[in-house]
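Please treat every number below as a calculation from the coordinates, not as lab data. Since this is a predicted model, take the numbers as computed values, not measurements. Here the Cβ positions follow ideal geometry from the backbone for every residue, glycine too, while neighbour counts run over all protein chains shown.
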Amino acid sequence: MVYLKCNKCGHLNEVRSENLFVCYKCNQALDNSFSEWKKKNPGATFEDFKKQVCISVEEPTQVKTKKSSGKVTAIIIAAVVLLLGGLGYTTVHLISEYGGMSLLNWFRSEKTANDVLTAKWVKESYGSYGLTLETPEKMVKGDLPMPDNVRQVIDEMDCYNYSSAKGFKVLVNSIKYKDGLPDFNLQVGANGAVNQMKASAGATDFNYTEERVMKDSIPGIIQHGTYKQEGVGVEFTNAMYSKGRNMWQVVTIYQDNDDVGRAAAKRVIESIEIKQGVRM
């Protein structure tokens with residue numbers, strides 16, 4: 001394991017990615033973080049940083065335990081990175097519960113119904129900061145679990161999901177960070193999102209493309225990707241936009257042979273609107 005020592009309180013913070021900016025113990029900014037170190041070492045890499053700055057501690061022997069026989073009750077369908085104004089925190093969001101149903105069976109058996117494309121969709125605003133989009137039904141408000149120290153830097157956060165019908169799924173996050181924090185780093189956030197999806201258990205053959213976009217004069221990044229989850233083909237689109245301390249994210253995901261789901265997901269992404277001036 002690799003750790004970064006906080007120069008203020010001496011706490012050793014485990015380094016899992018380059019997005020570590022704040023000490024987990026004292027909640028103070030790390031003046032020796034990778035981003036700060038790279039300013040003085042522009043040609044160096046993250047691996048160089050870990051070797052030269054971080055403290056390496058031999059990982060203790062893992063105790064092997066029997067696998068739980070309990071039912072699989074959640075399907076991981078999207079990953080979101082909350083780069084909280086410089087506070088790096090990555091979390092995988094579980095938005096749908098399917099008691100006793102494995103992820104493999106879910107992808108194999110649930111394609112989007114054909115009538116989804118012909119039905120009357122709902123255009124709705126989600127969150128307090130002007131995000132609007134269309135879905136077959138009104139999305140359900142959810143929650144995104146996170147540690148207290150992360151919640152302390154959030155001014156407001158709203159999470160929604162569309163998962164009531166079989167087939168494609170949609171996840172929405174609308175977040176505003178508290179005043180006094182740095183602006184959201186869109187590229188780092190987008191990188192973290194796909195890295196978490198790539199690192200999820202059972203994910204293989206991960207590929208994606210990325211494009212810079214503008215939506216209502218707000219910069220964004222749209223990532224289109226494919227991977228296999230336990231051997232089953234999956235496709236996703238991750239659309240992220242940010243302005244100042246506001247961040248909006250819309251994720252769609254569906255089985256790779258679900259043509260209706262692909263068309264429906266495309267319609268969702270294309271319907272995104274962000275009305276500037278709404279509590280921003």
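Data overview
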{"item": "Spatially proximal aspartates and glutamates relative to K243 (Cα-Cα < 12 Å; intrachain offsets below 8 disregarded)", "result": "D183, D216"}
{"item": "FRET efficiency, T45 to Q187 (Cβ-Cβ, R0 22 Å, nearest 0.05)", "result": "0.85"}
{"item": "Cross-link partners of K141 among lysines (Cα-Cα below 17 Å; sequence separation of 8 or more within a chain)", "result": "K123, K169, K176"}
{"item": "Per-selection Kirkwood Rh - the stretch 2-56 (Cα, Å, 1 d.p.)", "result": "11.1"}
{"item": "Loop GluC sites (Glu not before Pro), the stretch 169-239, which have at most 15 other Cβ atoms in a 10 Å radius of their Cβ (DSSP)", "result": "E230"}
{"item": "Residue-span extension gain [A29 to S271] - 0.36 nm each, minus C-alpha spacing", "result": "83.3 nm"}
{"item": "Which of L12, L133, L20 has the fewest Cβ neighbours within 10 Å, and the rest in rising order", "result": "L12, L20, L133"}
{"item": "Ranking of C26, C54, C9 by count of other Cβ atoms within 10 Å, fewest first", "result": "C9, C26, C54"}
{"item": "Straight-distance crosslink candidates among lysines, where the alpha carbon sits under 30 Å from K51 and sequence neighbours closer than 8 are dropped", "result": "K5, K8, K25, K38, K39, K40, K64, K198"}
